[in-house]
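Q: Just passing along the structure, written as structure tokens.
The values are calculated or read from the model by the stated rules, or taken from the named source; none is laboratory data. In this text the structure is predicted, and so the values were computed from the model without any measurement. All Cβ positions, even for glycine, are placed from backbone atoms using ideal geometry, and neighbour counts span all protein chains on display. Calculation scope for accessible area: heavy atoms of the full protein, side chains included, ligands and nucleic acids excluded. Shrake-Rupley method; radii C 1.70, N 1.55, O 1.52, S 1.80 Å.
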Amino acid sequence: LLHLLQSWQAKLKAPSGFTGHAQKDSVLQFPAEMTVQAGESTALHCNFSTSYRNPYIYWYQQRQSQSPQMLLQVDKWKSRVDSGRFSSTLTVETSQVLLNVRDAELQDSATYFCALSPHWCPQLAGLHRIVGGALRSSSLPATACM
């Protein structure tokens, strides 16, 4: 969880260890919490274990009192993705994915979730993804990817 405080510090939190819908599938985010000064850069870590041959990792940002919004998606074919000040890097060999936040801003204050799915389509992934300690299916629209 990245939380930028009004004192121009960022406070980062990540959900503690959690397991998914199968014994072999899990994600673990860390650190649990950190504070970052505005303008600084940092990284959130997500380790995963899965039986999927080609897992897709999604990063979501959830601001206070809002629904989660997808930030980035990485997989073994596209293991590095940049989107503005956010980027993600997947290392399949170590089963680790990073969410990098560059030049943190107050508006970045949020909870950040790492999600594991066998699907490339975020809408289908919403049916199966492992997020925040439980299998979740309600926060993404049920439209099909084309």
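Q: Can you list residues whose amide H is under 5 Å from T35's amide H, if they're 5+ apart or on another chain and H is modeled 1.01 Å from N?
A: The answer is L12.
Q: Suppose the chain between F30 and S67 were pulled fully straight at 0.36 nm per residue; how much longer would it get relative to their current alpha carbon spacing?
A: Full extension from F30 to S67 adds 11.2 nm.
Q: Can you run phi through the Karplus equation (6.51, -1.76, 1.60; θ = phi - 60°) for segment 45-50 and list ³J(HN,Hα) in whole Hz, with x for Gly and Pro?
A: Using θ = phi - 60°, the values come out as 10, 9, 9, 9, 9, 8 Hz.
Q: Among residues other than K76 whose Cβ falls under 15 Å from its Cβ, what is the net charge (Lys/Arg +1, Asp/Glu -1)? Write out the running numbers ahead of the final one.
A: Working: positive: R53, K78, R80; negative: D75, E93.
With Lys, Arg at +1 and Asp, Glu at -1, the net is +1.
Q: Right, something else. Scan segment 36-113 for trypsin sites (Lys or Arg not before Pro) in coil per DSSP, keeping those whose Cβ has at most 16 other Cβ atoms within 10 Å, and list them by number.
A: Passing sites in segment 36-113 are R53, R63, K76, K78, R85, R102.
Q: From the backbone phi of segment 71-88, what are the Karplus-calculated ³J(HN,Hα) couplings (6.51 cos²θ - 1.76 cosθ + 1.60, θ = phi - 60°) in whole Hz, Gly and Pro given as x?
A: 9, 8, 9, 10, 8, 5, 8, 10, 7, 9, 9, 10, 8, x, 7, 9, 8, 9
Q: What net charge do the residues around A38 carry, taking every other residue with its C-beta under 11 Å from that of A38, with Lys and Arg at +1 and Asp and Glu at -1?
A: Net of charged neighbours comes to -4.
Q: Excluding ligands, DNA and RNA, what is the solvent-accessible area per residue of segment 26-131 at a probe of 1.4 Å, expressed in Å²? Let's see the in-between values first.
A: Working: 5050 Å² over 106 residues.
Averaged over the residues of segment 26-131, the accessible area is 48 Å².
Q: A further question follows. Which distance in nm do the two modelled labels at L106 and K78 give, with both placed 7 Å along the Cα-to-Cβ direction?
A: Calculated label separation equals 3.3 nm.
Q: A further question on this structure: Please list, ordered by chain and number, the residues whose modelled amide H lies under 5 Å from the amide H of Y56; skip anything fewer than 5 residues away on the same chain.
A: Long-range HN contacts for Y56: S117, H119.
Q: Could you please report the charge total around L90, scoring K, R as +1 and D, E as -1 over all other residues with beta-carbon less than 9 angstrom from its beta-carbon?
A: Every neighbour counted, the sum reads +2.
Q: Do any chymotrypsin sites (Phe, Trp or Tyr not before Pro) in segment 52-108 lie in a DSSP loop with no more than 11 other beta carbon atoms within 10 Å, and if so, which?
A: In loop regions of segment 52-108 (DSSP not H, G, I, E or B), the sparsely surrounded chymotrypsin sites (Phe, Trp or Tyr not before Pro) are W77.
Q: In sequence order, what are the phi-derived ³J(HN,Hα) couplings for segment 34-43 according to the Karplus relation 6.51 cos²θ - 1.76 cosθ + 1.60 with θ = phi - 60°, rounded to whole Hz, with x for glycine and proline?
A: 8, 10, 10, 6, 4, x, 7, 10, 7, 9
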